[in-house]
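In what follows, a structure is listed as structure tokens, so that the remarks can point back to it.
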Amino acid sequence: MDSTAELLSISAFARRVGLTPSALRFYDDCRVLPPASVDGTTGYRYYTPDQEERAALLRGLRAAGVPLAEVAVVLDGPGSEARTVLERHRERVRERTRAADAAIESVLRSLDGSRTPPAEVTLGGVELASAARQVVPAAGADERYPAVGCVLIEIEDGEIRFVATDRYRLSLRTLRPLAVKGPPGRLLLAAEVLAGLGGWAARAAEVTLEVHPDAARAHGLGEVRELPVSRERFPGYREMLSAPSAAPCWTSANPAGPAAISRRRPGGWRICRRGSTHSGCGCASRAGCAPPVRRIRARRRGIRCPR
């Protein structure tokens with residue numbers, strides 16, 4: 001077959017790869033996607049089916065906002081350099097997203113004429129201190145993922161939950177508070193902040209947590225402590241715990257006790273109860289894990305950080 005039969009006009013190629021002819025001309029001028037052939041008389045550009053993969057990659061990179069100079073590095077440079085460029089761009093996108101989210105949240109609060117009442121929960125100081133001691137060790141210390149260096153505190157359905165994960169295990173503690181008032185609430189505290197709060201709360205008979213959309217306070221011992229709230233995005237642990245399919249997990253028999261999840265092997269996770277001993281699972285928790293009691297299903301991505 002004549003090789004020219006394999007050539008596609010710029011319009012036909014544009015339709016196949018989801019780009020406009022003007023975009024293809026621009027990418028030709030920038031030398032990131034030159035045509036396979038240019039008619040010397042008419043100047044018409046022609047492309048081949050072999051170029052579709054490169055065009056699709058180019059379209060995806062531009063949709064992600066990767067600058068054209070970096071697109072060329074990803075498409076034509078060594079794999080290690082391409083990975084570095086993409087990781088750096090992703091971090092820039094995250095920073096812009098966090099800044100935009102904070103700005104929108106501030107504007108929405110200013111538009112809301114009525115202040116949303118805070119969520120308030122009162123619990124024993126010793127119970128708060130115990131929960132802090134049990135979940136803080138599961139928090140991560142990876143600077144690339146600051147969210148896992150925090151502990152999520154959720155107030156809803158008459159309960160208060162403390163959740164921490166380092167992306168390889170997860171610790172969850174649920175308490176029944178003495179009193180709950182206001183709407184559901186949640187806050188994210190740095191692990192060291194919660195550890196300090198726990199040490200302070202251990203000396204109080206009762207502690208009340210007051211949670212606003214952008215601030216939190218702890219009342220106890222006749223004083224008020226301002227709690228610095230993190231704006232990081234905590235991993236979606238609920239999706240992992242409730243997923244109907246994927247790798248098997250195990251949970252301890254004591255529903256009130258803290259649980260930790262650790263990676264046993266590439267295909268699965270195990271939920272373990274701190275304080276028990278079990279040597280067969282390769283648990284990342286120093287305390288080991290409990291014998292398997294109840295089988296559930298979970299997705300590994302449920303406790304991973306969003307990239």
(request) For residue 142 and residue 56, compute 0.36 nm times the residue count separating them, minus their Cα-Cα distance, and round to one decimal in nm. (result) 27.6 nm
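Express in nm, to one decimal, how much length is gained between residue 176 and residue 102 on full extension, taking 0.36 nm for each residue of separation and deducting their alpha carbon distance. Intermediate values should be presented prior to the final figure.
Details: separation 74, 0.36 × 74 = 26.64 nm, distance 3.19 nm.
Taking 0.36 nm per residue and subtracting the Cα distance, the gain is 23.5 nm.
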(request) Would you kindly derive the ³J(HN,Hα) couplings of the range 149-158 from the backbone phi angles with the Karplus curve 6.51 cos²θ - 1.76 cosθ + 1.60 (θ = phi - 60°), listing them in order in whole Hz, with x for Gly and Pro? (result) x, 10, 10, 8, 10, 10, 10, 6, 6, x
(request) For the range 119-227, just say rounded, prolate or oblate: build the C-alpha gyration tensor, square-root its eigenvalues into a ≥ b ≥ c, call rounded for a/c under 1.5, and beyond that prolate if a/b exceeds b/c, oblate if not. (result) prolate
(request) May I ask which residue of 180, 218, 162 lies farthest towards the positive end of the charge dipole of the range 119-227, with charges of +1 (Lys, Arg) and -1 (Asp, Glu) on Cβ and the Cα centre as origin? (result) 162
(request) Multiply the residue gap between residue 68 and residue 82 by 0.36 nm, knock off their C-alpha separation, and tell me the result in nm, one decimal place. (result) 3.7 nm
(request) State, to one decimal in nm, how far the label point of residue 9 lies from the label point of residue 223, with both points 7 Å from Cα in the Cβ direction. (result) 8.0
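Every read-out reported here was derived from the displayed coordinates using simple, explicitly stated rules and does not represent laboratory data. Because the structure is a prediction, the values reported are computed rather than measured. Methodologically, a virtual Cβ is constructed for each residue, glycine included, from the backbone with ideal geometry; neighbour enumeration extends over all protein chains shown.
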